[in-house]
1. Of A331, A151, A139, which has the largest mean-square fluctuation in a 10 Å C-alpha GNM of the chain?
2. Express the relative contact order of the stretch 97-183 as a whole percentage, based on alpha carbon pairs under 8 Å and six or more residues apart in sequence.
3. Dipole magnitude of the stretch 72-157 about its Cα centre, charges +1 at Lys/Arg Cβ and -1 at Asp/Glu Cβ only, in debye to the nearest 20?
4. When we measure straight from the Cα of K350, which lysines land under 29 angstrom away, once same-chain ones fewer than 8 places off are left out?
5. Just grab the label-to-label distance for E121 and T268, each label 7 Å out from Cα along the Cβ direction, in nm (one decimal).
6. Between S34 and V261, take the C-beta separation as r, use R0 = 45 Å, and let me know the FRET efficiency to the nearest 0.05.
7. Helix-only mean residue ellipticity at 222 nm, the chain, DSSP H runs n ≥ 4 weighted -39,500 (n - 2.57), per residue, nearest 500. What is it?
8. Near F308, within a Cβ-to-Cβ distance under 15 Å, what is the net charge of the other residues, with Lys and Arg +1 and Asp and Glu -1?
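Throughout, read-outs are computed from the coordinates displayed, never taken from laboratory work. Fair warning: this is a prediction, and the values are worked out from it, not measured in the lab. All Cβ positions, glycine included, derive from the backbone under ideal geometry; neighbour counts span all protein chains shown.
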Amino acid sequence: MEADFGRGEQDMEQDRPTLASVWKDLVCPACRCSLFSTGDSPNSLVCIACSEGFPVVNGIPRLLMKTKRSSPSSSNDVIDRNQTLELKTAESFGFEWTHFSEMYPKWESNFRDYMFPRTAEFFRGKKVLDAGCGIGRHAYYAAQYGAQVWAVDISDAVEVAARNTVGTGAYVIQADLNHLPFREESFDLVYSMGVLHHLPEPETAFRYLLRFVKPGGEFRMFLYWAPERQPLKRFLLKAVSVLRKLTVRMPHRLLYPLSYVAASLVWTCFVWPYHALKQIPMLSEIADRLPLRQYSRYPFRTCVNDQFDRLSAPLERRYSRAQVEQFLKSAGLVELDVFANFGWVAFGRKPVGTEVAA
């Protein structure tokens, strides 16, 4: 430290990395050209080709386009509706992740469950895209396991993700999953956990994300499941669907305390009975068939978080195993697998030397 005393301000400035060197892997989400920092705006990145400028706030590049580019085949009504839904979804998750920002030790086993059969060693040296990072809990462990992680979210959750991943080397970016600021085929692994089923066009977003997977790389996602041969679960979801018609229109500050009420009902009707039944050997199998028993593994606040998520997100889609498998097959992925984890975890490898459906 003593060696720095008396150094001029100009000398110190020369030692600081430029924005261009720190974010050299980023491209303009509008035209795909390189981004540069400018002397006039040291806290911003600019695309010289299309004159789009993007601020860097609190160390996080905000690469959201001012105007959306859309497919010429899409009608204006569809575009406007989708953009409205995307905005409401971003607001919902922005509120959610700034109010449920805790990092629990249990998140590591949760991450490993989602990444099965991959182990920590798989991530070492990999370049990974976390598409829809939320509070950064998955990005944290991927980075801890040795991956170079780029964590992206459209909402204000990026502020929380940046705090939760500090010291891991993960890069946090605010960007739209439909307009990513990366070069195509540049990631060894792209994953999107619990995001696609909330988007207006999940399959379109899925195909778009595949563009960023290297040949030979892997894509992985988590989707809500549609209950099959589970009458109680189906009944509960129908009841929630009816309730959602009201709750998605409620102010988030009002829905937040109501989520505690919903979580208390889940705890009373399912989690506590699960714990009680598991203590009785002859009733253990009945306990394992109870819906919502997964919350027995996590703190109560996790259940509150999920109830808010379920009741606030403007869109929610559910899929059968066959539908998820078709997602992967139709895109030309190979070495596919779909397994249950209180939803569907699905993954596949992008083949080398052949085109994946775009």
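1. Comparing A331, A151, A139 in a Gaussian network model of the chain, the most mobile one is A331.
2. Numbers: 143 pairs, mean separation 23.7, N = 87.
Relative contact order here is 27 percent.
3. On the way: 9 positive and 12 negative charges, 103 e Å.
The dipole magnitude comes to about 500 debye.
4. K24, K68, K126, K127, K214, K329
5. 5.0
6. Working: r = 51 Å, r/R0 = 1.13.
After rounding, the FRET efficiency stands at 0.35.
7. Details: 14 runs with 140 residues, N = 358.
So the calculated ellipticity at 222 nm is -11500 deg cm²/dmol.
8. Details: positive: K88, R244, R249, R253, R301, R310; negative: E91, E96, E102, D306, D309, E316.
Spelling it out: positives minus negatives among the neighbours equals 0.
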